[in-house]
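I have placed the structure first, in the form of structure tokens, so that the comments after it can refer back to it.
The values are calculated or read from the model by the stated rules, or taken from the named source; none is laboratory data. Every value quoted in this text rests on a predicted model; they were computed, and no experiment measured them. In this analysis, Cβ positions are derived from the backbone assuming ideal geometry, glycine residues included, and neighbour counts consider all displayed protein chains.
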Amino acid sequence: MKLTRSIKILGIGAVLMTFCAMQPSFAAEKVRGPLADGELFQSELVAETSKVLYTDKTGKNNWVWHQENGYPKGLHFAVFFNAKDLPQVPAVVKKVGGVPTKDEMEKAARNRYAVKGNENSMVLYGTCGASAAQTDIAITNVELFGRLLNVTVALKDAEKNTPLTMNLIYPETAQVIPLKKLPKYGNLRIRFADVQGHALQTIDVLMAR
């Protein structure tokens, strides 16, 4: 009986020692919380090997959007791919009368950026659509996380109670990324987000070249 009791005591002691030995490994574990709105999850390896493909240094990330009812209804993003052997200047396109739709603006932008200086590239494009004066949009950062291309977009409008002209403007932004900086094959998710990290639009493309 004494022997059995001793075995039990030894067994409990072994369990406690094992538990104590495991404690440091739990304490040393690094935990990464969700980024921004929770749509960016990545391993430490992906985060450490991320690449900044473009960054704006003019302070546009400090732009302020004042309207409390959200971003413009005409806010729209697109991705264009340019091959080689492009013309020196854009092709002549007949202008559309009246207020252009987002599809018409996108088509015009595709043509405008399909020129020799932008060969073998991907063009990231954004517009606010028809907007009030002093509205603006700018791509401020492009970062590659493995198969995720995170594109930060800054927006601004006029301060509250500011008198504005009645003329509509059509703010646009674009950034050209050489294809050699991107994955050669497979899926690539392009996530447009504001400077606070909230997703604005996500576009999935298939890379093949």
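Looking only at region 150-199, count every residue that is crowded, with 17+ Cβ neighbours inside 10 Å and among the hydrophobic types (A, V, I, L, M, F, W, C) and tell me the total.
Adding up the residues that qualify gives 12.
Can residue 78 be described as out of contact with any Gly (no Cβ under 7 Å at 6 or more places or on another chain), crowded, with 19+ Cβ neighbours inside 10 Å and either over 23 Å from residue 150 (Cβ atoms) or aromatic (Phe, Trp, Tyr) (or both)? Walk me through how you get there before you give the answer.
Values: out of contact with any Gly (no Cβ under 7 Å at 6 or more places or on another chain): yes; crowded, with 19+ Cβ neighbours inside 10 Å: yes; either over 23 Å from residue 150 (Cβ atoms) or aromatic (Phe, Trp, Tyr) (or both): no.
Here the answer is no, as residue 78 does not meet what is asked.
Return the residues of region 123-155 that are in contact with a helix residue (DSSP H, G or I) (Cβ under 8 Å, 6 or more places away or on another chain) and in a strand (DSSP E or B); say none if nothing qualifies.
First, the residues of region 123-155 that are in contact with a helix residue (DSSP H, G or I) (Cβ under 8 Å, 6 or more places away or on another chain): 123, 125, 127, 129, 138, 140-141, 144-146, 152, 154.
Matches in region 123-155: 123, 125, 127, 138, 140, 141, 144, 145, 152, 154.
Can you name every residue in region 160-200 that is polar (S, T, N, Q), out of contact with any Leu (no Cβ under 8 Å at 6 or more places or on another chain) and either at pLDDT 95 or above or not in a loop (DSSP other than H, G, I, E, B) (or both)? I'd like the intermediate steps shown before the answer.
Filtering region 160-200 for residues polar (S, T, N, Q) gives 161-162, 165, 167, 173, 175, 187, 196.
Filter once more, so that each one left must be out of contact with any Leu (no Cβ under 8 Å at 6 or more places or on another chain): 161-162, 165, 167, 173, 196.
The answer is 173, and nothing else.
When you go through (1) of a type in the set (Gly, Ala, Ser); (2) closer than 13 Å to residue 174 by Cβ; (3) surrounded by fewer than 15 Cβ atoms within 10 Å (Cβ to Cβ) one by one for residue 97, which number turns out not to apply?
The number of the failed condition is (2).
Of 144, 124, which residue is buried (at least 19 other Cβ atoms within 10 Å of the Cβ), in contact (Cβ under 8 Å) with a residue 60 or more places away in the chain, closer than 19 Å to residue 188 by Cβ and touching a Leu at 6+ places or on another chain (Cβ under 7 Å)? If you could, list the steps in order and put the result at the bottom.
Details: 124 fails: touching a Leu at 6+ places or on another chain (Cβ under 7 Å).
After ruling out the rest, the residue left standing is 144.
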